[in-house]
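K.L.:
My structure is below; once you've seen it, I'll send some questions.
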């Protein structure tokens, strides 16, 4: 006869934490999928927390996973908002970079993107936005 397939609360918490870390990693590649995995990880963390609390197991892993998944959700939502809000500007930048064959023309594309983003952000003064690296 096979042994019971029941997993411990510590193992459930570890899996929930790994889901949360995966959500952060996926956020940098595909923000919307990172957001979805972050929500899934948060649900898994809450369930792991309940399982750990009921059996008097340590709750560090589920709590760390919940904090990490909250960070992943916040980061993914911010990146998705940024991409949605600046969609037109980023599209123009992409088209500009396709035709930019020299470093000078690439720098001009970045300067145009900075100027276009400044016009969308009312709280940034003219010439006050400098991107730390080209997107």
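The values are calculated or read from the model by the stated rules, or taken from the named source; none is laboratory data. Everything numeric here is computed off the predicted structure, so don't read it as measured data. Positions of Cβ are backbone-derived with ideal geometry, glycine not excepted, and every protein chain shown enters the neighbour counts.
K.L.:
Please verify whether residue 38 is surrounded by fewer than 22 Cβ atoms within 10 Å (Cβ to Cβ) and within 28 Å of residue 135 (Cβ to Cβ), treating the condition exactly as stated.
P.N.:
When the stated conditions are applied, residue 38 does not pass them.
K.L.:
How about segment 26-35: which of its residues are within 14 Å of residue 82 (Cβ to Cβ) and buried (at least 16 other Cβ atoms within 10 Å of the Cβ)?
P.N.:
Selection gives 27, 31, 34, 35.
K.L.:
Given the residues 92, 59, which is the only one that is surrounded by fewer than 16 Cβ atoms within 10 Å (Cβ to Cβ) and either over 13 Å from the mean Cα position of the chain (by Cα) or assigned by TED's automatic domain parsing to the domain that holds residue 14 (or both)?
P.N.:
None of the other options fit; the residue is 92.
K.L.:
Going by what's in this entry, would residue 100 be described as more than 22 Å from residue 31 (Cβ to Cβ), in the same structural domain as residue 131 (by TED's automatic domain parsing) and surrounded by 13 or more Cβ atoms within 10 Å (Cβ to Cβ)?
P.N.:
Yes: the conditions hold for residue 100.
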